[in-house]
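Colleague: Once you've had a glance at the structure underneath, I'll fire off some questions.
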Amino acid sequence: MIQNIDPAELQEALTRWGGQLVYVHLEVNPGAYWRNGKAVLDAAFVRGSGTFRVFLQLDGEQGLIQVDQLTHMQLTDDQVICIGYDQQSRLSRTLEVSLTPFKM
């Protein structure tokens with residue numbers, strides 16, 4: 001079920017996957033889409049209030065992912081979905097992290 005972001009709950013969900021291989025889906029509307037990027041998750045950070053910023057630090061020199069203006073989340077045992085809606089309630093960004101690849 002999609003709910004408003006609870007930063008502590010989201011932080012806990014992402015942190016438990018530290019040191020594991022994860023798959024990432026990132027979408028920013030309009031204009032950016034990346035599916036099934038994979039890397040070992042080194043650390044995750046959730047910051048903000050009202051709208052949130054999520055940082056995913058990837059193992060070694062694989063990089064850092066930052067997505068801001070996130071407002072909602074859906075958590076399952078094997079997937080974290082973060083969604084950002086704009087002022088007109090349109091989907092503006094999505095960050096999904098999974099332990100398994102996403103369907104193409």
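The values are calculated or read from the model by the stated rules, or taken from the named source; none is laboratory data. Since we're looking at a predicted model, the values are computed, not measured. Reconstructed Cβ throughout: ideal geometry from the backbone, glycine too, with neighbour counts over all protein chains shown. What goes into the accessible areas is simple: the full protein's heavy atoms, side chains included, and nothing from ligands, DNA or RNA. Shrake-Rupley method; radii C 1.70, N 1.55, O 1.52, S 1.80 Å.
Colleague: Could you check the simple spin-label distance between residue 59 and residue 87, using points 7 Å along Cα→Cβ, in nm with one decimal?
Modeller: In this crude spin-label approximation the distance works out to 4.3 nm.
Colleague: Under the definition of Cα pairs under 8 Å and six or more residues apart, what whole-number percent is the relative contact order of the chain?
Modeller: Details: 226 pairs, mean separation 29.5, N = 104.
Contact order relative to length: 28 percent.
Colleague: With +1 on each Lys and Arg Cβ and -1 on each Asp and Glu Cβ, and nothing else charged, work out how big the dipole of the chain is about its Cα centre, in Debye to the nearest 20.
Modeller: Computed charge dipole of the chain: roughly 260 debye.
Colleague: While we're on this one: Could you run the Debye sum over the Cα atoms of the chain, one equal point scatterer each and no solvent, and tell me log10 of I(q)/I(0) at q = 0.18, 0.22 Å⁻¹, two decimals?
Modeller: One equal scatterer on each Cα of the chain leads to -0.81, -1.24.
Colleague: Moving to a separate point now. Would you pull out the residues with amide H under 5 Å of residue 5's amide H, same chain only if 5 or more places away, H placed 1.01 Å from N?
Modeller: 72, 73
Colleague: Ok, one more. Taking all protein chains as present, what is the carbon and sulfur share of the accessible area of segment 36-104, in % to the nearest whole number, probe 1.4 Å?
Modeller: Values: 1740 of 3880 Å².
With neighbouring chains kept in place, the figure for segment 36-104 is 45 percent.
Colleague: Here is a further query. So what's the net charge close to residue 62: Lys and Arg +1, Asp and Glu -1, counting the other residues with Cβ under 13 Å from its Cβ?
Modeller: Local net charge: -2.
Colleague: Divide by every residue of the chain the summed helix terms, -39500 (n - 2.57) for each DSSP H run of at least 4, and state the resulting mean residue ellipticity at 222 nm, rounded to the nearest 500 deg cm²/dmol.
Modeller: So the calculated ellipticity at 222 nm is -2500 deg cm²/dmol.
Colleague: Taking 30 Å as R0, compute the FRET efficiency from the Cβ-Cβ separation of residue 15 and residue 35 and round it to 0.05. Working shown, then result.
Modeller: Working: r = 24 Å, r/R0 = 0.79.
The value I calculate is 0.80.
Colleague: Hey, can you find the accessible area per residue of the chain for me, probe 1.4 Å, expressed in square angstrom? It would help to have the intermediate numbers written out before the result.
Modeller: Details: 6040 Å² over 104 residues.
Averaged over the residues of the chain, the accessible area is 58 Å².
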